[in-house]
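The values are calculated or read from the model by the stated rules, or taken from the named source; none is laboratory data. Treat the numbers as computed from the prediction; the structure is a model and nothing was measured. Here the Cβ positions follow ideal geometry from the backbone for every residue, glycine too, while neighbour counts run over all protein chains shown.
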Amino acid sequence: MTCRRGALIVLEGVDKAGKTTQCNKLVQALQDSGRQTEMMKFPERTTKIGQLINSYLENKSNLEDHTVHLLFSANRWELVPLMKEKLEQGINLVVDRYAFSGVAFTSAKPQGFSLEWCMNPDMGLPKPDLVMFLQLSPSEAAQRGQFGTERYETTVFQKAVQQKFELLMKDPSVKWQVRIQHSNH
Ligand code: NYM
């Protein structure tokens, strides 16, 4: 018996947009409707590469900007065999961040990385069937402006990231769906 390939659904957005909450809800809803569904997230901090990324994000170590970009990409690639296996088994994957975050965050850095350079290392990754962009309303963004201590968590940087996401959403080869986030997600 052949089974249908699972769907690859990605959730993207700036920090604090509520991606993790929505991923959990989506996984639950799909499971409740009888569809085998699992959640994944990037960065996946538990692998060796993920630990390097984690230490960078927590400001415990510094990494050169190109290097960390490539590590984020490598962290996706190292999970591709597992992703493919699951999708081929007919399992739907709901993924909290993917290559779009990689491109948006690196290209938002003041060094002026081109989108093209940022996109190259992720070329050939399994293509999402749908990318949901959780758009934080400006008033919500202001309320959620109290960021933690991780790298990138400043209002100025998040605004730059949002602009980069808006450029990426112009790509018609990707099926984007924008969802405006209000209170209580
Ligand atoms: N991030 C995430 C990147 O800079 N590049 C990437 O490729 C990915 C997947 O890591 N601020 C950034 C975005 C977030 C941070 O994400 C960690 P999370 O979802 O808070 O664990």
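For (1) closer than 23 Å to residue 75 by Cβ; (2) in contact (Cβ under 8 Å) with a residue 40 or more places away in the chain; (3) within 15 Å of the chain's Cα centre (by Cα), each residue gets a yes or a no:
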{"residue": "129", "(1), (2), (3)": "yes, yes, yes"}
{"residue": "134", "(1), (2), (3)": "yes, yes, yes"}
{"residue": "139", "(1), (2), (3)": "no, no, no"}
{"residue": "148", "(1), (2), (3)": "yes, no, no"}
{"residue": "156", "(1), (2), (3)": "no, no, no"}
{"residue": "168", "(1), (2), (3)": "yes, yes, yes"}
Hits in the range 12-47 (condition: basic (Lys, Arg) and either on the phi > 0 side of the Ramachandran plot or near the ligand (Cβ under 9 Å from one of its atoms) (or both)):
16, 19, 41, 45
Quick check, is residue 93 in a strand (DSSP E or B), modelled with pLDDT of 95 or more and not basic (Lys, Arg)?
yes
Inside the range 108-140, the number of residues satisfying the requirement of being within 21 Å of residue 175 (Cα to Cα) and out of contact with any His (no Cβ under 9 Å at 6 or more places or on another chain) is 18
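Collect the residues in the range 25-48 that are within 19 Å of residue 122 (Cβ to Cβ) and not polar (S, T, N, Q), keeping them in residue-number order.
Residues satisfying the conditions are 40, 41, 42, 43, 44, 45.
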Might you let me know whether the range 55-62 holds any residue that is of a type in the set (Phe, Trp, Tyr) and under 15 Å from the mean Cα position of the chain (by Cα)?
no
Count of the range 48-65 residues which are within 13 Å of the ligand (Cβ to nearest atom), within 22 Å of residue 119 (Cβ to Cβ) and surrounded by fewer than 14 Cβ atoms within 10 Å (Cβ to Cβ)
1
Exactly one of (1) of a type in the set (Lys, Arg); (2) touching a helix residue (DSSP H, G or I) at 6+ places or on another chain (Cβ under 9 Å); (3) more than 23 Å from residue 8 (Cα to Cα) is unmet by residue 144. Its number?
(2)
Considering only the range 153-176, state which residues are modelled with pLDDT under 95 and among the hydroxyl-bearing types (Ser, Thr, Tyr).
154, 155
Of the numbered conditions (1) under 17 Å from the mean Cα position of the chain (by Cα); (2) away from the ligand (no atom under 14 Å from the Cβ); (3) surrounded by 14 or more Cβ atoms within 10 Å (Cβ to Cβ); (4) assigned to a loop (DSSP other than H, G, I, E, B), residue 124 fails exactly one; give the number of that condition.
(3)
Can you tell me which residue within the range 74-120, out of those that are surrounded by fewer than 18 Cβ atoms within 10 Å (Cβ to Cβ) and acidic (Asp, Glu), is nearest to the ligand (Cβ to nearest atom)?
78
